[in-house]
Amino acid sequence: AQSVTQPDIHITVSEGASLELRCNYSYGATPYLFWYVQSPGQGLQLLLKYFSGDTLVQGIKGFEAEFKRSQSSFNLRKPSVHWSDAAEYFCAADTGTASKLTFGTGTRLQVTL
Amino acid sequence: DTAVSQTPKYLVTQMGNDKSIKCEQNLGHDTMYWYKQDSKKFLKIMFSYNNKELIINETVPNRFSPKSPDKAHLNLHINSLELGDSAVYFCASSLRGGSEQFFGPGTRLTVL
């Protein structure tokens with residue numbers, strides 16, 4: 001079955017430190033891949049997406065993600081975290097034809113000052 | 001200029017009641033969706049509509065009935081509400097299936 005896995009439920013980093021959130025997918029073919037962020041009490045905002053081409057994609061708010069086919073991964077990174085980055089982060093995948101997103105279980109990011 | 005809007009933002013009701021949540025998008029998208037986010041933050045698709053036609057129904061109880069009067073609107077009607085229906089419901093839209101989805105702010109439904 002198609003699935004998206006986020007191994008880390010909760011991550012705490014210090015402000016200014018680097019961040020990497022992990023995401024693995026299990027699909028027959030490479031799906032479209034997305035990272036969304038959800039601030040408390042808010043909807044989901046798209047950070048970045050990968051459809052094809054360059055495996056390092058840039059997103060909003062200084063985030064980037066790297067697609068690695070050999071590892072079935074699409075990890076999210078940020079070189080220097082800001083306190084306002086504290087939120088829930090969701091990785092998601094779509095086959096491109098099924099017209100539905102399959103989400104990971106989310107990673108809650110806490111930022112300490 | 002909200003892209004995807006939902007009303008109401010909060011909905012508190014008794015078990016057994018019938019309620020509706022409305023969703024509108026002004027992005028000109030063809031495809032709209034309903035997702036349910038449970039208390040553990042897990043997000044799961046419920047329905048997907050393309051140009052007013054139902055294309056995905058993810059084994060949702062038939063107490064849930066989506067209605068799309070036009071491609072800019074996708075409403076969710078829930079009959080005989082149960083405690084387990086308490087969740088946050090998100091509407092989303094995309095230009096077409098497989099493209100990025102834009103989410104509304106969510107409707108927090110609490111069934112007492």
In the set B:76, B:54, B:109, the lone residue that is touching a strand residue (DSSP E or B) at 6+ places or on another chain (Cβ under 9 Å) and either free of Cβ contacts under 8 Å to residues at least 40 places away in the same chain or part of a loop (DSSP other than H, G, I, E, B) (or both) is B:54
Does the stretch A:87-103 contain any residue that is within 15 Å of the chain's Cα centre (by Cα) and open to solvent by 40 Å² or more (accessible area, probe 1.4 Å)? no
Working only within the stretch A:1-55, note down all residues that are among the aliphatic types (A, V, I, L, M), without any contact (Cβ under 8 Å) to a residue 40 or more places away in the chain and loosely packed, with under 12 Cβ neighbours inside 10 Å. A:1
So is residue B:58 facing chain A (nearest Cβ under 10 Å) and modelled with pLDDT under 90 or not? yes
Across the stretch A:16-39, what is the number of residues that are outside any loop (DSSP other than H, G, I, E, B) and hydroxyl-bearing (Ser, Thr, Tyr)? 4
Test: residue in the stretch A:67-86 that is open to solvent by less than 40 Å² (accessible area, probe 1.4 Å), assigned to a strand (DSSP E or B), free of Cβ contacts under 8 Å to residues at least 40 places away in the same chain and closer than 14 Å to residue A:23 by Cα: yes
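The values are calculated or read from the model by the stated rules, or taken from the named source; none is laboratory data. Because the structure is a prediction, the values reported are computed rather than measured. FYI the Cβ positions are ideal-geometry reconstructions off the backbone, even for glycines, and counts take in every protein chain you see. SASA here: full protein model, heavy atoms, side chains in, ligands and nucleic acids out. Shrake-Rupley method; radii C 1.70, N 1.55, O 1.52, S 1.80 Å.
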